[in-house]
Amino acid sequence: MAVTPLSGSVVVLGVTGGIAAYKAVEVCRRLADGGAHVVPVLTADAQRFVGATTFSALGSEAARTSLFDDPLDPIPHTSIGRRADVVVVVPATARCIGQYAAGISSDLLSATLLATRAPVVVCPAMHAEMWEHAAVQDNIRTLERRGVVIVPPERGHLAGGDEGEGRLAAPEVVVAAVVAALVGAGRTERDLAGRTVLVTAGGTREPIDPVRFIGNRSSGKQGHALAAVAARRGATVTLVTTAPLAVPPGVTEIHVETAAEMEAAVLGRAADADIVVMAAAVADFRPKEVAALKLRKADGVPDLVLEPTPDILAALARQRAPGQVLVGFAAETDDVEQRAAGKLDRKGVDLIVANDVSAPGAGFSHDTNAVSIISADETVRVPLSGKDEVAAAVLDAALAVLRQRAGACENDRSTTAGGDATGPTIPSGDRRAEDFRHEEATP
């Protein structure tokens, strides 16, 4: 068999209870013919349309239909989710989409979707009225924000002789989407498997009184995208965030509000991380005293005295774990790369991701971004792209530093063993920083 992008990949094929389930048979065949190891997972309603025996015959192993029917695998949703390189649901009914968006687990397929860290492709199919319903569209947007790939339905003949938008995409379109997920953000190579990644996201809120706070415009979207992409690439991910966004699948969330809370959460967990990405926009200053009661306009303008917040990035550099890669962010409006390069040196980190928040499409709250990834040796410029694509580029750069550092350490050990070394070697990226009062920021 010729080598294809599907060769050697584990594809979990979820089938739900819609009339288009018969088309999933052809999808299963095409995936298997392409070299994928296909694991069929059928809901009870799917079996009303197509039998499990059909998928067992065409797939790479027996179809799975229940959370409880395999005495040799007491937690099948976890084991299937971990094996998967990609999960594709075809067809995806309105019920399945709603459960997934709401994080509800009621059967093997919905549990697997919540348990996996692999990229997920969802292929909706239903009557036009259902597809166009506001609740279904809201759920679709929710899944898209979380990084789920949606293969939209086509317009054509529907069940009952109707016609409209809602017809399942053609099998070749579905398979192409699976391939794209494997070779794109999700990757066939889970190159961060076995790694631990710590990401921060969102803007901190520093209280003035019980009602008001000092904050910034950061939405947290880029930090959440970093966490999602790292998880899809196999990493164990912890996300320390202030943002009210959905947590990416497979990511452990720590929710904080203030710089002090973020400092405690990050410094308490950083020692175990291979890569730390400080994408949060941490306030530079906070009120020195917080009013116990609401400040009222009738009482006059208050004297607001500010003090610096903790410099989390510099603290991380000072207590860096051996071999650890530190990535900071710099949101700028002028002299972007020059200011970011200065921050790289001051903070003592390996990479600074700089972006011009005044540029169209690259500022706060956008779904796109354009950045420069700056190291001591080079600057990699990522043009305006989706935040998942930016996240992938940042993680690529961090992983390259991690591998280079691991290789340097291995060479050092070999040299020392041969008796040629004159003393310990400190990797060039292992710098130490002074305590500066400027914090990392990203939209």
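Every number in this text was worked out from the coordinates using simple rules, so none of it is lab data. All values reported here derive from a predicted model rather than from experimental measurement. Don't worry about glycine lacking a Cβ; one is built from the backbone with ideal geometry, like all the others, and counts go over all protein chains shown.
Checking (i) 24.6, 82; (ii) 25.2, 86; (iii) 20.4, 69 against Rg and Dmax of the Cα atoms in Å calculated from these atoms, the matching label is (i). Note that the stretch 251-257 has calculated 3J(HN,Hα) couplings of 10, 8, 9, 10, 8, 9, 10 Hz, one per residue in order, obtained from phi through the Karplus relation 6.51 cos²θ - 1.76 cosθ + 1.60 (θ = phi - 60°); glycine and proline are x. Report the FRET efficiency, 1/(1 + (r/R0)^6), for ARG155 and ASP299, where r is their Cβ-Cβ distance and R0 is 51 Å, rounded to 0.05. Calculated value: 0.25. Computed from the C-beta positions of SER56 and ARG269, the FRET efficiency with R₀ = 51 Å rounds to 0.70. Exposed loop sites, defined as GluC sites (Glu not before Pro) outside DSSP H, G, I, E and B with at most 16 other Cβ atoms within 10 Å, are absent from the longest region of the chain, namely 290-377.
Counting only DSSP beta bridges whose two residues both lie in the chain, roughly 30 percent are antiparallel.
Taking every DSSP helix (H) stretch of at least 4 residues in the chain, weighting each as -39,500 (n - 2.57) and dividing the sum by the residue count yields a mean residue ellipticity at 222 nm of -10000 deg cm²/dmol. Averaged over residues, the count of other Cβ atoms within 10 Å places the peptides 318-324, 103-109 in the sequence 103-109, 318-324, highest first.
Counting alpha carbon pairs within less than 8 Å and at least 6 residues apart, what relative contact order, in whole percent, applies to the chain? Kindly include the intermediate steps, with their values, before the conclusion.
Details: 998 pairs, mean separation 53.1, N = 443.
Relative CO of the chain lands at 12 percent.
Springs between Cα atoms under 10 Å define the GNM used for the chain, and in it the highest mean-square fluctuation of VAL301, VAL120, VAL148 occurs at VAL301. Using a simple spin-label model with pseudo-atoms 7 Å out from Cα toward Cβ, VAL380 and VAL183 lie 2.0 nm apart.
Given the pairs LYS297/LYS347; LYS221/LYS288; LYS288/LYS387; LYS297/LYS343; LYS221/LYS343, which are separated by over 32 angstrom at their Cα positions?
Details: LYS297/LYS347 41 Å; LYS221/LYS288 30 Å; LYS288/LYS387 35 Å; LYS297/LYS343 39 Å; LYS221/LYS343 23 Å.
Cα-Cα > 32 Å for LYS297/LYS347; LYS288/LYS387; LYS297/LYS343; rest within.
Using mean Cβ contacts within 10 Å as the protection proxy, how do 218-227, 265-274, 199-208 order, highest first?
Working: 218-227: 28.0, 265-274: 17.5, 199-208: 25.0.
The densest-packed peptide leads the list: 218-227, 199-208, 265-274.
ALA246 label point, 7 Å along Cα→Cβ, cut-off 16 Å on backbone N: hits in the stretch 75-96? Counting only backbone N, you get 87-89, 92-96.
Can you list the chymotrypsin sites (Phe, Trp or Tyr not before Pro) in the stretch 1-86 that are in a DSSP coil and have 16 or fewer other beta carbons within 10 angstrom? Display every interim value, and only then the final one.
Numbers: sites: TYR22, PHE49, PHE55, PHE68; in loops: PHE49, PHE68.
Counting only loop positions with at most 16 other Cβ atoms within 10 Å, the chymotrypsin sites (Phe, Trp or Tyr not before Pro) in the stretch 1-86 are PHE68.
Within the listed set LYS297, LYS23, LYS288, the residue fluctuating most in the Gaussian network model of the chain (springs between alpha-carbon atoms under 10 angstrom) is LYS297. What net charge do the residues around ILE373 carry, taking every other residue with its C-beta under 11 Å from that of ILE373, with Lys and Arg at +1 and Asp and Glu at -1? With Lys, Arg at +1 and Asp, Glu at -1, the net is -3.
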